[in-house]
Amino acid sequence: MNENDIYREEILEHYRHPQNFGTMKNPTYEAEAIHPLCGDSILLQLKVNPKGVVTQVRFSGSGCAISTASSSIFTEWMLGKTVKKLKTVGTGQIQKLMRAQIGPARLPCMLLSHVVLQKILSADASFVSRD
Amino acid sequence: MNINTVRKEFPIFQKRGAKPLAYFDNAATTQKPKAIIDAMDKFYRVGNAPVHRGVYALAESATEKYENVRDHVKDFIRAKHREEIIFTSGATASINMVVSGLAETFLREGDHILLSDMEHHAMIVPWQAAAKRKKLKLNFIPLTKDGRIDLDVFKKMLAKHKPKFVGVTHVSNVLGTVNPVREMAAAAHKIGAIVLVDAAQSAAHLPIDVRKPDCDFLAFSGHKMYGPNGIGILYGKRKLLEKLPPLMYGGHMIEQVTREKTTYAPLPDKFEGGTPPVAEVIGLGVAISFLQSVGLKTIQKHEEKLTAYALRALKDVPNISLLGPTTAKGRAPVFSFTIAGIHPHDIATLLDREGIAVRAGHHCAQILHENFSLDASVRVSLCFYNTVSEIDRLVSALSAIVKKFQ
């Protein structure tokens, strides 16, 4: 099998057992995004320490193998990064992490976790401060 | 034309290869036979002219071809009068024309509209918009577990809500259910309701006769019956169409225009404002000839066999849940399903790699999916050019996908 296949075993394993899946109490930031094609949704929650470092990340919702695995892989990458660093991340980072070729129809599935992160980082994100 | 060799008429299937196209998205749009492509090509090459207004030979010939299709459609659906056939851009436009016309002229605040839970968004959304404008009340006929309309439930809803309008699809675009439109129309007429039958999913599969069921309005699209995109039909009873206001105002649909006012042309011109898509109308005419040369009854029988085969074959796919009726009787060859633990879009993408084209999503029927607590499903919709060996390919590809995800 092609090692750049989006449905390679490594990706399917992330779908079967997604990392950082679930919800957390008292997140610093959270946002939800809905996939317009299939109605799948993803809730992303981040806990950030006073130094601006992501100390905990959770995602939840329903999704296809591509969006679930990409969320799993992308959230693993987010952990330990600063919010400042997250703000500089483009969609290319997900493509790099996923190492997969994907057609235009399914690309939005792969980038859903990036869309929801942008929501968190944008000015109108729901900032859930519990200070 | 022989149904067993009909596939040869479709250029798109002539491409050979390791994974030839198995096209299972016929409920969305069908492929086009060569005869239609050629007829439209020929019109643009040697016959192109505006219809109705020109007095030169080329325009007269285009007009004749265009108007001949109206007669052809009239006979195809067994309408009484040629002016009851309105060319539209498709079933969606046809339904919108009826809904907005009725809402403007016939309906008052508080009037009830009865639709079914299996309607396409093309029926639901125009009514929701009209209901908001005119303060109408929408009611939805629930479905049985196997995705049918229970006539007794329908009749009770008629008695309870006394709807002014009943809108129902002839065949469900998701479940394949063939609805008892004849009985439904008769019951609806008893309480004086106007009935619109959405025939978008049936026109290519079943004989259509606007007298049985007794339809007040009927809508369908050319591109779902082997014809071109951008052309559809609204059939309406003459008396109703005469009272209905036009939807498109402009050229051709007028009788006389002065600074003070405009009087409208008689039927069918009143509803055909603007320059019509002549090549598409000609293409639709050829599509109808094509269907007639195979024979709708022959098509129906052949597709019933395919349906029975597919229903049996799909049972072999592990963890599959099929929506809709489980028997081939009263069922069109449309199969929507889910497979536990695998997202419909993943199934569709992986089938595509095998040259199998299916649809994944809600298929413009979100309310229907809500009935089954689903967001999405995979839809396999067949027509007469599909084969048993294509169904076998589908079943083994699906089984391989299930294995892959385990």
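The values are calculated or read from the model by the stated rules, or taken from the named source; none is laboratory data. Being a predicted model, the structure only gives us computed values, none of them experimental. All Cβ positions, even for glycine, are placed from backbone atoms using ideal geometry, and neighbour counts span all protein chains on display. Just the protein is used for accessible areas: all its heavy atoms, side chains included, with ligands, DNA and RNA removed. Shrake-Rupley method; radii C 1.70, N 1.55, O 1.52, S 1.80 Å.
Scanning segment B:358-373 for residues that are outside any loop (DSSP other than H, G, I, E, B) and more than 12 Å from every other protein chain (Cβ to nearest Cβ) turns up B:Ile367, B:Leu368, B:Asn371.
Among the residues of segment A:89-102, is any in contact with a His (Cβ under 6 Å, 6 or more places away or on another chain), surrounded by 14 or more Cβ atoms within 10 Å (Cβ to Cβ) and not in a strand (DSSP E or B)? Taking every residue of segment A:89-102 in turn, at least one turns out to be in contact with a His (Cβ under 6 Å, 6 or more places away or on another chain), surrounded by 14 or more Cβ atoms within 10 Å (Cβ to Cβ) and not in a strand (DSSP E or B). Scanning segment B:89-115 for residues that are open to solvent by 10 Å² or more (accessible area, probe 1.4 Å) and not small (Gly, Ala, Ser) yields B:Thr92, B:Asn96, B:Met97, B:Glu104, B:Thr105, B:Phe106, B:Leu107, B:Arg108, B:Glu109, B:Asp111, B:His112. For B:Ser377, the conditions (1) within 18 Å of A:Ser67 (Cα to Cα); (2) open to solvent by 10 Å² or more (accessible area, probe 1.4 Å) are fulfilled apart from (2). Does segment B:226-248 contain at least one residue that is buried (at least 20 other Cβ atoms within 10 Å of the Cβ) and among the hydroxyl-bearing types (Ser, Thr, Tyr)? The answer is yes; a qualifying residue exists. What about B:Ile391, is it more than 25 Å from the chain's Cα centre (by Cα) and open to solvent by less than 10 Å² (accessible area, probe 1.4 Å)? It is false that B:Ile391 is more than 25 Å from the chain's Cα centre (by Cα) and open to solvent by less than 10 Å² (accessible area, probe 1.4 Å). Just so you know, in segment B:78-134 the residues that are acidic (Asp, Glu) and not in a helix (DSSP H, G or I) include one that is farthest from B:Leu196 (Cα to Cα), and it is B:Glu109. For the list (1) at pLDDT 95 or above; (2) surrounded by fewer than 19 Cβ atoms within 10 Å (Cβ to Cβ); (3) within 24 Å of B:Pro245 (Cβ to Cβ), I need the number of the one condition that B:Ala49 fails. Result: B:Ala49 fails condition (3) only.
Taking every residue in segment B:361-386 that is modelled with pLDDT under 90 and pairing it with any residue that is outside any loop (DSSP other than H, G, I, E, B) and open to solvent by less than 10 Å² (accessible area, probe 1.4 Å), at least 6 positions away or on another chain, the pairs with Cβ-Cβ distances below 8 Å are B:Asp375/B:His369.
For the residues A:Leu37, A:Leu12, the requirement of being modelled with pLDDT of 95 or more and over 16 Å from A:Leu117 (Cβ atoms) singles out A:Leu12. If you go through segment B:374-396 and keep only what is part of a loop (DSSP other than H, G, I, E, B) and closer than 22 Å to B:Lys301 by Cα, you end up with B:Leu382, B:Cys383, B:Phe384, B:Tyr385, B:Asn386, B:Thr387. Pairing each residue of segment B:250-265 that is assigned by the TED database to the domain that holds B:Phe87 and closer than 15 Å to B:Val51 by Cβ with any residue that is in a loop (DSSP other than H, G, I, E, B) and among the basic types (Lys, Arg), provided the two are 6+ apart or on different chains, yields C-beta distances under 8 Å for B:His252/B:Arg53.
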